[in-house]
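A.B. asks: Quick one: the structure is below, and I'll ask about it shortly.
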Amino acid sequence: MMEPDLFDIERKALSDARRALETQEANGHRLGLAALIGDYERVIREMRRLISHADRTERELNRANQRLTELTQTLDYRSRHDGLTGLLNRETLIGQAETWLTTKTLGLIIVDIDHFKQVNDRYGHPIGDRILIEVGRALLAHAPVYGGLCGRLGGEEFAVIVPAATPIALMQCATGAAVAIRALRHDQHPGLRVTASFGVALAEPGACFDRLYICADDALYRAKHTGRDRIELVADCIGAD
Ligand SMILES: Nc1nc2c(ncn2[C@@H]2O[C@H](COP(=O)(O)OP(=O)(O)OP(=O)(O)O)[C@@H](O)[C@H]2O)c(=O)[nH]1
């Protein structure tokens with residue numbers, strides 16, 4: 001036997017009520033029962049209104065939920081990336097470097113654009129920003145080839161981290177990026193030339209990341225002070241403490 005649906009029950013209840021009304025009409029009680037039927041119909045109308053309101057609310061909640069998920073993803077992306085270049089930001093890159101270094105040999109390349117202040121002063125900040133984006137792209141074109149990640153440490157300073165790296169692979173990666181940076185050109189400023197200096201160092205699994213960073217930074221300092229547009233490699237691999 002089929003289950004009666006909601007409307008069958010309503011219809012039966014109303015026809016019962018109407019029959020009772022006719023019986024009561026004969027007995028002079030019409031008004032009381034008619035009011036009851038009216039109430040019943042109002043309750044049904046209200047139920048329908050509430051159901052459609054609940055459907056609308058559910059759809060709105062689903063939309064709000066979807067928007068919240070998108071916002072969370074956007075916030076998560078922004079918290080991990082540099083707003084200008086789209087590369088990983090300093091915290092994310094260093095966090096990943098520290099994680100890798102617990103179990104793997106890690107190569108670190110610090111890249112600093114040469115005389116970047118002059119680029120800003122001569123060509124303006126928006127062109128400086130353009131150069132930062134293009135240097136980021138040049139690094140991004142090379143780091144993944146060696147299984148590395150790149151990020152912007154801040155200002156005109158970038159870094160590439162390469163797990164399980166060898167000195168040869170690190171030097172190849174840095175050389176490829178240096179060539180790409182040297183080749184950058186700007187249509188409106190044909191005289192604009194960009195170079196960068198590189199400090200490269202390698203550490204054994206379990207070594208302290210801060211020591212690796214200091215060594216690569218020292219190498220960068222030497223590259224800057226021996227003429228710029230150069231790559232300086234720290235010869236010894238930094239050992240675990
Ligand atoms: N356009 C632009 N400039 C920036 C940004 N962040 C930092 N800078 C500029 O980068 C320049 C860095 O200058 P310095 O630290 O003197 O270094 P440099 O001129 O590159 O000189 P060397 O590193 O010694 O070769 C400063 O002029 C900063 O204003 C940025 O997001 N956009």
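The values are calculated or read from the model by the stated rules, or taken from the named source; none is laboratory data. Since we're looking at a predicted model, the values are computed, not measured. Cβ coordinates were reconstructed from backbone atoms using ideal geometry, including for glycine residues, and neighbour counts include every protein chain displayed. When the accessible area is computed, the model is the full protein with side chains, heavy atoms only, and any ligands, DNA or RNA have been set aside. Shrake-Rupley method; radii C 1.70, N 1.55, O 1.52, S 1.80 Å.
A.B. asks: What pairs come up if the first residue lies in region 112-129 and is more than 6 Å from the ligand (Cβ to nearest atom), the second is open to solvent by 20 Å² or more (accessible area, probe 1.4 Å) and modelled with pLDDT under 95, and their beta carbons are under 6 Å apart, counting only those six or more places apart or on different chains?
C.D. replies: Sorted first by the residue in region 112-129, then by its partner, the pairs are TYR123/HIS189.
A.B. asks: Now for a separate question. Determine which single condition LEU84 fails, assuming it passes every other condition in (1) under 30 Å from CYS237 (Cβ atoms); (2) of a type in the set (A, V, I, L, M); (3) not in a helix (DSSP H, G or I).
C.D. replies: For LEU84, the exception is condition (1).
A.B. asks: Here is a follow-up. Suppose the filter is modelled with pLDDT of 95 or more, surrounded by fewer than 19 Cβ atoms within 10 Å (Cβ to Cβ) and not in a helix (DSSP H, G or I); does GLY206 pass it?
C.D. replies: Yes.
A.B. asks: Farther than 22 Å from VAL194 by Cα, surrounded by 13 or more Cβ atoms within 10 Å (Cβ to Cβ) and not basic (Lys, Arg): which single residue out of LEU75, LEU101 fits that description?
C.D. replies: None of the other options fit; the residue is LEU101.
A.B. asks: All but one of (1) buried (at least 22 other Cβ atoms within 10 Å of the Cβ); (2) hydrophobic (A, V, I, L, M, F, W, C); (3) over 29 Å from the mean Cα position of the chain (by Cα) hold for ALA240; which doesn't?
C.D. replies: All conditions are met except number (1).
A.B. asks: While we're looking at this one, here's another question. Here are some conditions: (1) more than 21 Å from the chain's Cα centre (by Cα); (2) within 16 Å of the ligand (Cβ to nearest atom); (3) in a helix (DSSP H, G or I). ILE133 meets all but one. Which one does it not meet?
C.D. replies: Here ILE133 clears every test but (1).
A.B. asks: When you look at ARG211, is it touching a residue at least 40 places away in the same chain (Cβ under 8 Å) and open to solvent by 60 Å² or more (accessible area, probe 1.4 Å), yes or no?
C.D. replies: no
A.B. asks: Further, regarding this structure: Scanning for something of a type in the set (A, V, I, L, M, F, W, C), open to solvent by less than 20 Å² (accessible area, probe 1.4 Å), over 22 Å from GLY239 (Cβ atoms) and without any contact (Cβ under 8 Å) to a residue 40 or more places away in the chain, does region 142-162 turn up at least one residue?
C.D. replies: Checked against the condition, which is being of a type in the set (A, V, I, L, M, F, W, C), open to solvent by less than 20 Å² (accessible area, probe 1.4 Å), over 22 Å from GLY239 (Cβ atoms) and without any contact (Cβ under 8 Å) to a residue 40 or more places away in the chain, region 142-162 yields at least one hit.
A.B. asks: Could you tell me which residue of region 136-179 is farthest from GLY95 (Cα to Cα), considering only residues that are of a type outside the set (Phe, Trp, Tyr), within 16 Å of the ligand (Cβ to nearest atom) and in a strand (DSSP E or B)?
C.D. replies: That would be GLU157.
A.B. asks: Shifting gears a bit: ILE109 passes all but one of (1) assigned to a helix (DSSP H, G or I); (2) out of contact with any Asp or Glu (no Cβ under 8 Å at 6 or more places or on another chain); which number fails?
C.D. replies: Among (1) assigned to a helix (DSSP H, G or I); (2) out of contact with any Asp or Glu (no Cβ under 8 Å at 6 or more places or on another chain), ILE109 violates only (1).
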